[in-house]
Amino acid sequence: MKMTTVIDATDTIMGRLASGIAKRLLMGEHIVVVNAERAVIVGRKEEILKSYKQTYDRGHRYMGPFYPRMPHLIFKRTVRGMLPRQTAKGKGALQHLLVHLGVPEQLKDAKLEVPEEFRADVIKQKVVRLEDISKFLGWVPVK
């Protein structure tokens, strides 16, 4: 059985974390990401929201392309874009990724890996949480 790594995405830069996860998935590692809604994107809020809205509106209701609104699915699609999905290795790698909103009950006691090299604390720029982008696109969090 493969070892599963649990990564906490709180206050990490989404693109940098996604690229690191994609590399590890291609090496055959199983990864679970928790607190995906707390990942951040660096930049001006207006520009980021405008960009995501244009991308989301590009899709057709019935014919696609279908873009996600939920934060954990946006995160998973970001990782998917960094994998070679045309190869068998890339297709299999995405199946070894689980992304969760918050921390599920079965992972409460698990040791969380907090990658310091992807933290947004060191960057002195404006950031937008993935949760805010999702709410702007129409996602309603369930309590």
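The values are calculated or read from the model by the stated rules, or taken from the named source; none is laboratory data. These numbers come from a predicted model, not from an experiment. Cβ placement follows ideal geometry from the backbone for every residue including glycine, while neighbour counts extend to all protein chains displayed.
Odds and ends about this structure:
- Residue match in region 10-18 (condition: over 13 Å from the mean Cα position of the chain (by Cα) and either surrounded by 15 or more Cβ atoms within 10 Å (Cβ to Cβ) or at pLDDT 95 or above (or both)): no
- Cβ pairs under 8 Å, 6+ apart, first in region 9-25 and among the basic types (K, R), second surrounded by 18 or more Cβ atoms within 10 Å (Cβ to Cβ) and not in a helix (DSSP H, G or I): R24/I31
- Residues in region 92-143 that are at pLDDT below 90, exposed (fewer than 15 other Cβ atoms within 10 Å of the Cβ) and not in a loop (DSSP other than H, G, I, E, B): E116, E117.
- The set of residues in region 77-91 being in a helix (DSSP H, G or I) and either under 13 Å from V6 (Cβ atoms) or among the β-branched types (V, I, T) (or both) consists of T78, V79.
- Test for R69: is it among the charged types (D, E, K, R), closer than 23 Å to V142 by Cβ and crowded, with 16+ Cβ neighbours inside 10 Å: yes
- First in region 115-143 and closer than 21 Å to I31 by Cβ, second anywhere and surrounded by fewer than 19 Cβ atoms within 10 Å (Cβ to Cβ) and of a type in the set (D, E), Cβ under 7 Å, 6 or more apart: R119/D11; A120/D11
- Yes/no for L73 being at pLDDT 95 or above, in contact with a strand residue (DSSP E or B) (Cβ under 6 Å, 6 or more places away or on another chain) and within 20 Å of T10 (Cβ to Cβ): no
- Unmet requirement for V6, which otherwise passes all of (1) under 21 Å from L101 (Cβ atoms); (2) assigned to a helix (DSSP H, G or I): (2)
- Region 24-66 - residue that is in contact with a helix residue (DSSP H, G or I) (Cβ under 7 Å, 6 or more places away or on another chain) and part of a loop (DSSP other than H, G, I, E, B) and, of those, surrounded by the most Cβ atoms within 10 Å (Cβ to Cβ): A39
- Looking across region 77-91 at every residue that is under 10 Å from the mean Cα position of the chain (by Cα) and without any contact (Cβ under 8 Å) to a residue 24 or more places away in the chain, the one that is surrounded by the fewest Cβ atoms within 10 Å (Cβ to Cβ) is identified as R77.
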